[in-house]
Structures are given as structure tokens and as C-alpha cells.
Amino acid sequence: MELENYNEAVSTIKQAILQSQYRAAKLVTGEQLSLYFGIGCYVSANSRKGTWGTGAISRISEQLRKELPGLRGFSEQNIRNMRTFAEFWSSYLNCSPTASDLQLTENKTSIDIDRFSLQKWSPMASEINRDDFLSISFSHHMEILHKTKDIGKILFYIHQTVLHKWDKYDLRDVLKAAEDGSMDAVATNNFMQTMPVSDARKAVGMFKDEYFLDYINVEEIEVGKADDVDERVVEQSIVRNIKKFIMTFGKDFAFIGNQYHLEMFTEELFPDLLFFNRELNCMVVVELKKGAFKSGYIGQLQTYMRVLDDKVRKPHENPTIGILLCKSADKAFVEYVIRDYNSPMGVATYKTAADMDEKLRKSLPDVEDMRKLLVDNDEIE
């Protein structure tokens, strides 16, 4: 039997094993979530509106661990987490149309561990991807619930956790980045959805939402209005000032070339600017547009990235990142367009000297005067 046939057999068997393990793990996770939800409903009904006094949960936790040696997951804090979990999801996972309060009060004397079955999910749960929901652990669910109670955000983080196989600590990093604002004032991007978390956080902090390219002066290049400056003019100005542009981008960038020639089948492609970033160990392709963002630009950028990955990228390098620089962009629309793309990309805007406030421009030294001053100083030296 040829070696490649053995490899194919191994790959086929491996895929079946992984698929089976995934299904088994999902069943186990689903059972655990169902148990914790039922216990949470019971604890909520008795501790919120029932007869349990202060300290009841602590004493129950202690007694459980005495009667079931080796029992894990039933600390006082985790039982409180079960209550939080049940109270939030009760309106979505209740089969009856009654309010969640009624559901919770029904459980004062017994625990229904089957309440979580798919047949009992309410119509309100139609927007929930049930496979996603049952695929992540209770710890993952609580990480999310401790940070947000917005159902849209919760479902987003659940899906991303499944998609990228984040462990609890990866998810915690993502949630922290969103909470502390380190995702603000950055290029609208899909890095968190398309890159390993450690690399994604670096990329998020690396690319801003707007760049001020003050060395692009429309008056110097004899163009009457800023709107008339085309992509090639901006590109050429950047190339002439490539050191400044790299400093604008940040450290660890190396310039590879502009109008970098690519061929695929019978097509020739020429991406505007190509860099390499040592920190991320990947190429960064930058495409420039003189006007507002258009969804078609993303398709063009994606094509460049794919060809670069197939034709230019070395085996040890990470996939190419794409950055689209436009004069303006509706952030919400950009987020909508790029969310389903599987390649890491971001969209940012730029301003030139012509976009500067008129009063500020007049307060700055004249470019020619500055040049003369520099020449005079050189002669004196």
C-alpha cells in the first residue's frame, strides 16, 4: 500500500474519531448544563422567594461535599453561578409561555433535570444556535454572563467560542479586551474571529481606525481638490515617505514593495502596498481607496490575500492580513460586511494634509519656508 494511501486512511479515521469525541463531549456538556440549570432554578426559587435563610447555600455546598466525597463543581460560588445561569436563561428555555418567575417558583420542592431538553425550549429561543449553546462548558457560559447580559453579545461570544475553540482563558482575554476598550479606536476588523487569540490581540492593538497621512499634500502634487486625489497619487506619496508610513503603522514592519506583481491562472494582480510584520510573522497587504468604503473592495482584498498565501507565503509564516484604507467608512456597515469572511482583515480611514482644519493649517509653518530653513542650517554647519 502506498504511503499516501496510509496517510489518507489515517486522516479519515482521525476525522471520525474527532467527530465522535466532539459529539460525546457535547452530550456530556449538555447533560451538565441541564443539571446545573435545574439546580439553579431550584436554588433561585428557594433562596430568592423561599424559606432559605442567610448562609443556606454555603451550608448546602459543605454538606454535599461531605456526603459525596470527591464531588467537584459544587462550591458555594458555583451554586450561585447556577442560580445566575438559570435566572438569565429561564425565559428562553421555558417550554410554557408563562413568565420566568412562575417557572422558578415551580421548583421549590424538586429539580427537573430534563427541563433543558430541546423539546422544552421556548419560542423565544428561536434565535439561539442550540448546537453552539450546548457545545460550550458551564465555565464558558459564566465567563460571558459575568461580563454582559446583552443577548446579542452573549450569542456572538458563544458562537465565536465554538468557532475558534477558545478555552476559558482565551475567552476571558477576549471579553477583557472588549471591556477595557482596547478594541476601541482600532480598525474595524475580524481579527478575533479569524486568528489565534494571542495574535488577534496584537493585531487589534496594531492597526488604528484612522491614519493621518500629513505628508500627502494635494497642493504639492498639483491636484486642485482633495476629492481628485486618486489611489496611485496616495500610494506614490506613501512610497516616497515609506519610513514615515511604517512609523505610522508601528514597529516591526518591513516594506516589501508597491504594485507587487502577482499572477494566478491568466490574471495579473497588483496590490498597492505589501509589508511584512515580524511580530505577527505574516505579510500585510494594504489596499488604498480614494473614496468611501464599498463592499466590493473586500472581495478584491480577499483575492490578493488568497493569492499571496498560495503563491508567496512561506511554510513557517502565518496567513496574510489585509488592510483596506478608505477616505471614509460606515463602521457598522463594515462590521456587517466582513463578519463572515474567514481571512483576517481590517478597514481603516485616512486623512491627508488637505483634510486638516483650515485654522490649524494656517498656524503651521509653510512647507517651503521649512525647507529653506533646513537648507540654511545645513550650510551653516
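Taken together, the values in this text are just the output of simple stated rules run on the coordinates, not laboratory data. Just so it is clear, the model here is predicted, and its values are computed rather than measured. Neighbour counts run over all protein chains shown; Cβ positions are idealised from the backbone, glycine included.
Give me Trp52, Trp89 ranked fewest to most by other Cβ atoms within 10 Å of their Cβ, as a rough exposure proxy. Don't jump to the answer; show the numbers that get you there.
On the way: Trp52 16, Trp89 24.
Taking fewest neighbouring Cβ atoms as first place, the list is Trp52, Trp89.
List Cys282, Cys41 from most exposed to least, where exposure is judged by having the fewest other Cβ atoms within 10 Å.
On the way: Cys282 22, Cys41 29.
Arranged by neighbour count, lowest to highest, Cys282, Cys41 become Cys282, Cys41.
The mean sequence separation of alpha-carbon pairs under 8 Å and at least six residues apart, normalised by the residue count of the stretch 136-180, gives a relative contact order of 46 percent.
Remark: the Cα gyration tensor places the stretch 136-180 in the rounded category, a/c being less than 1.5.
Please arrange Tyr304, Tyr341, Tyr169 by counting, for each residue, the other beta carbons lying within 10 Å of its beta carbon, fewest first. Walk me through the intermediate numbers first.
Numbers: Tyr304 22, Tyr341 17, Tyr169 10.
Neighbour counts put them in this order, fewest first: Tyr169, Tyr341, Tyr304.
Between Leu280, Tyr260, Ile238, the Cα set farthest toward the positive side of the dipole of the stretch 238-289 (charges on each charged residue's Cβ, about the Cα centre) is that of Ile238. Rounded, prolate or oblate: pick one for the stretch 229-307, where a ≥ b ≥ c are the square roots of the eigenvalues of its C-alpha gyration tensor, a/c under 1.5 means rounded, and failing that, prolate if a/b is larger than b/c, else oblate. Oblate.
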